[in-house]
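Taking it in order: structure first as structure tokens, then the write-up.
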Amino acid sequence: MSKEYTALKLDDFKPELSTLTELSSVALGGRIVSVSDEFFAEAENLIKVEPAPSLKGQFGPKGALFSGWESRRHNPAFDWCIIKLGARGFIEGFDVDTSWFNGNEAPEVSVEALSSTDTEPPQQDDTRWVTILPRLPLGPHSRHLLKIPATEESFNYVKLNMYPDGGIARFRVYGLVKTIFDSPTELMDLASVFSGARVVFTSDQHFGVGSNLLLPGRGKDMGDGWETKRSRRPGHRDYVIVKLGHPGYLEHVEVDTAHFKGNFPESCEMHCLLSDKTVPGPDEPWTLVLPRTKLGPHRRHLLQLDNVRGQRYSHARLTIFPDGGVKRLRLFGRLDPAGPRPSEEAPLALSQDDLSLPAAQAGEPPSVSEPAIPALWLTAEAFAPFGHVVQAWSDVHAVPKGIKTSHANQGTAVKFHRLAPVQSSYPADSAASTALAVYRAGVTPGAAPGGEFFVRLLERHPCTNQAFIPMGTGGGIGEDAIQGSPARAYLVVVALNGTDDKPDVGTMRAFVATTAQGIVYGTGIWHHPLIALESTIDFTCVETQIGNGNRLDCEIMDMEPAKTVRVQVPKL
């Protein structure tokens, strides 16, 4: 094993280490498995995400407090700490930080590494340890950036040795994740750090670093996301470039603004590219895969991508307008474009005998060669081109901008004002009126969670918008309703009108709505009739019609066989 290393200046961090992954971070699951001594300060501080703060003047029962690892004095040999990396990888660099340790810092360190598949962590005297950073001197209250030739072997353990004793504030191990893909056709997050993805460029990361976008989970607060400083310049935008762990065929993106409630971006867009460069330039042939889309506070936005069918991409550029914070970025796709195939299974039976089978779902599944579109969880932002979402929010600070809230009913309720309008463009002399109706929607054949649904017809209402508010299971009233099967979700399929005055299949989107969400189809928006999942659902319908409803504002379009679309329904 080579023992060469290069000491870097702090200004060298960005070109030399910033595009690598911090393999040791607790945010990835890195953890301390054993340590020789931590009398004054616990070794778990070494791998914390945040920089070491000054605790000057603070004392505990053992003496002065430090955010770092500090052992007793007068060690006759050396102290050591074994860290299991959050992700196995090829190691290329270190940051050994002695911030705030001045006079009690570790004078020297070395680093060893080990690869193990054993269930138990290795001991410090294991013969498999190999030196990857030779013994070298440290200084007080300073960061020591060190670059080594990339290890030829991947490791999942490192051992930090300090000679003879003392304190180290933070220890960061940088490298590239070794990825293992179980199935090339499996849908996976190609932007996950565990898929080998890494952030290779950020326009600004004043409050939170771009690499946080690829971490697992949804984090704990605004401090573990990507947040840029405020801009006052008109037309400003910030962006981040992600190099995927492996080039792949993308399907949809998740932009999560968790914990960003008053400082989330107003909107975002995404471009993708296939390149063998680590950091592609702005003049490369980037393809727009997500047009500018409004974002909301403190929530996951799942958005279907355009211009991705049959296209292989290696990089994604997320642009936010004008600035703000994003917690996580997920890019779902496959290494192999072959996704799920049309199901040959028989359609599911209706849940009640008196509910008839829609003609559009009768017969054998058609032959469809195009990939299925994903049914994504419904959000108001993603549904905005097609209409409105009617729902409440448990966190009033996460209500979309522009929606007024107020307390009602002597403080026992919260009112969310004007979530959707009721619209009608009938002639003035038509005597149209708005009323409530109820649709009892049985389980739609073929629309099974985890399966595929074939869209073979759409309808629209040229003169009115139409609202559907789920009420429950349709199990009856009183005790019968309480004991009925629970209704959790329904499927919504929509499309914009094309230049030929027919549904534009390229704009078709599918959403899974919970029964805590109502939807309002915009006037003239093509949509599939109600699609209940798992159990019967009763919907209150708010609609405007003429007379007793015999004259319906409804146009139905049977899809041409070549334009039949498959919808991949997720498991609930």
Discussion item. The conditions are (1) in contact with a helix residue (DSSP H, G or I) (Cβ under 7 Å, 6 or more places away or on another chain); (2) assigned to a helix (DSSP H, G or I), and Val240 fails exactly one of them. Which is it?
Written reply: (2)
Worksheet entry | Selection from the range 2-28 of residues that are surrounded by 15 or more Cβ atoms within 10 Å (Cβ to Cβ) and part of a loop (DSSP other than H, G, I, E, B) | Tyr5, Leu17, Ser18, Thr19, Leu20, Leu23, Ser24, Ser25
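Here's the yes/no breakdown for (1) under 26 Å from Ile525 (Cα atoms); (2) part of a strand (DSSP E or B); (3) open to solvent by 60 Å² or more (accessible area, probe 1.4 Å); (4) at pLDDT below 95:
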site	(1), (2), (3), (4)
Met471	yes, yes, yes, yes
Ile477	no, no, yes, yes
Ala481	no, no, no, yes
Gly484	no, no, no, yes
Leu491	yes, yes, no, no
Val494	yes, yes, no, no
Asp500	yes, no, yes, yes
Gly506	yes, no, no, yes
Ala510	yes, yes, no, no
Fill in: Checklist (1) closer than 30 Å to Ile180 by Cβ; (2) open to solvent by 60 Å² or more (accessible area, probe 1.4 Å); (3) assigned to a strand (DSSP E or B) applied to Thr117, failing item
(3)
Practice prompt. State which residue is surrounded by the most Cβ atoms within 10 Å (Cβ to Cβ) when the search covers only the range 131-153 and only residues that are over 13 Å from Ile168 (Cβ atoms) and polar (S, T, N, Q).
Written response: Thr151
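Per-residue answers, yes or no, for (1) open to solvent by 50 Å² or more (accessible area, probe 1.4 Å); (2) assigned to a strand (DSSP E or B):
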{"site": "Val158", "(1), (2)": "no, yes"}
{"site": "Met162", "(1), (2)": "no, yes"}
{"site": "Asp165", "(1), (2)": "no, no"}
{"site": "Tyr174", "(1), (2)": "no, yes"}
{"site": "Thr179", "(1), (2)": "no, no"}
{"site": "Asp182", "(1), (2)": "yes, no"}
{"site": "Phe194", "(1), (2)": "yes, no"}
{"site": "Phe201", "(1), (2)": "yes, yes"}
{"site": "Asp204", "(1), (2)": "no, no"}
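Conditions (1) in contact (Cβ under 8 Å) with a residue 24 or more places away in the chain; (2) within 40 Å of the chain's Cα centre (by Cα); (3) within 19 Å of Ser24 (Cβ to Cβ); (4) not assigned by the TED database to the domain that holds His141, marked per residue:
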| residue | (1), (2), (3), (4) |
| --- | --- |
| Leu65 | yes, yes, no, no |
| Arg88 | yes, yes, yes, no |
| Gly93 | yes, yes, yes, no |
| Thr98 | yes, yes, yes, no |
| Gly103 | yes, no, no, no |
| Glu108 | yes, no, no, no |
| Ser116 | yes, yes, yes, no |
Worksheet item: Mind checking which residues of the range 216-227 are assigned to a loop (DSSP other than H, G, I, E, B) and open to solvent by 20 Å² or more (accessible area, probe 1.4 Å)?
Response: Pro216, Gly217, Arg218, Gly219, Lys220, Asp221
Worksheet entry | Listing of strands (runs of 3 or more DSSP E) fully contained in the range 387-467 that carry 2 or more residues being crowded, with 18+ Cβ neighbours inside 10 Å and in the same structural domain as Thr507 (by the TED database) | 387-390, 432-441, 452-455, 457-460
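Look at Arg128 and say whether it is part of a strand (DSSP E or B), surrounded by fewer than 21 Cβ atoms within 10 Å (Cβ to Cβ) and among the charged types (D, E, K, R).
No: the conditions fail for Arg128.
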Worksheet item: Of the residues that make up the range 217-236, is at least one modelled with pLDDT of 95 or more and in contact with a Pro (Cβ under 6 Å, 6 or more places away or on another chain)?
Response: yes
Worksheet item: Which of the residues that make up the range 254-285 are open to solvent by 10 Å² or more (accessible area, probe 1.4 Å), within 30 Å of Asp395 (Cβ to Cβ) and of a type in the set (Val, Ile, Thr)?
Response: none
Worksheet item: What are the residue pairs meeting all of these: first residue in the range 424-444, first residue within 18 Å of Ile519 (Cβ to Cβ) and touching a residue at least 40 places away in the same chain (Cβ under 8 Å), second residue open to solvent by 60 Å² or more (accessible area, probe 1.4 Å) and not in a strand (DSSP E or B), Cβ atoms under 6 Å, and 6 or more apart or on different chains?
Response: Thr434/Val422
Worksheet item: From the set of residues in the range 37-63 that are in contact (Cβ under 8 Å) with a residue 60 or more places away in the chain and assigned to a loop (DSSP other than H, G, I, E, B), which is surrounded by the most Cβ atoms within 10 Å (Cβ to Cβ)?
Response: Phe40
Worksheet item: Out of all the residues in the range 230-244, which are open to solvent by 10 Å² or more (accessible area, probe 1.4 Å), out of contact with any Phe, Trp or Tyr (no Cβ under 7 Å at 6 or more places or on another chain) and of a type in the set (D, E, K, R)?
Response: Arg230, Arg232, Arg233, Lys243
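Hey, among the residues in the range 283-301 that are in contact with a helix residue (DSSP H, G or I) (Cβ under 9 Å, 6 or more places away or on another chain) and assigned to a strand (DSSP E or B), which one's farthest from Lys243 (Cα to Cα)? Break it down into steps so the answer makes sense when it comes.
To start, the set of residues in the range 283-301 that are in contact with a helix residue (DSSP H, G or I) (Cβ under 9 Å, 6 or more places away or on another chain) comprises 293-299, 301.
Next, from what is left, pick out any that are assigned to a strand (DSSP E or B): 293-294, 301.
Details: Thr293: 22, Lys294: 24, His301: 21 Å.
Selected residue: Lys294.
Residue by residue through the range 131-156, note down the ones that are out of contact with any Leu (no Cβ under 8 Å at 6 or more places or on another chain), in a strand (DSSP E or B) and not basic (Lys, Arg). I'd like the intermediate steps shown before the answer.
In the first step, residues of the range 131-156 are kept if they are out of contact with any Leu (no Cβ under 8 Å at 6 or more places or on another chain); the result is 131-132, 134-135, 137-142, 149, 151-154.
Still in the running and in a strand (DSSP E or B): 131-132, 134-135, 137.
Listed by number, the residues that qualify are Thr131, Ile132, Pro134, Pro137.
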Worksheet item: Looking only at residues in the range 394-411 that are in contact with a Phe, Trp or Tyr (Cβ under 7 Å, 6 or more places away or on another chain) and not hydroxyl-bearing (Ser, Thr, Tyr), which one is farthest from Pro570 (Cα to Cα)?
Response: Ile403
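The values are calculated or read from the model by the stated rules, or taken from the named source; none is laboratory data. None of the values given here were measured: they were computed from a predicted structure. Backbone-built Cβ (ideal geometry, glycine too); neighbour counts: all protein chains shown. The area values use the complete protein model at the heavy-atom level, side chains included, leaving out ligands, DNA and RNA. Shrake-Rupley method; radii C 1.70, N 1.55, O 1.52, S 1.80 Å.
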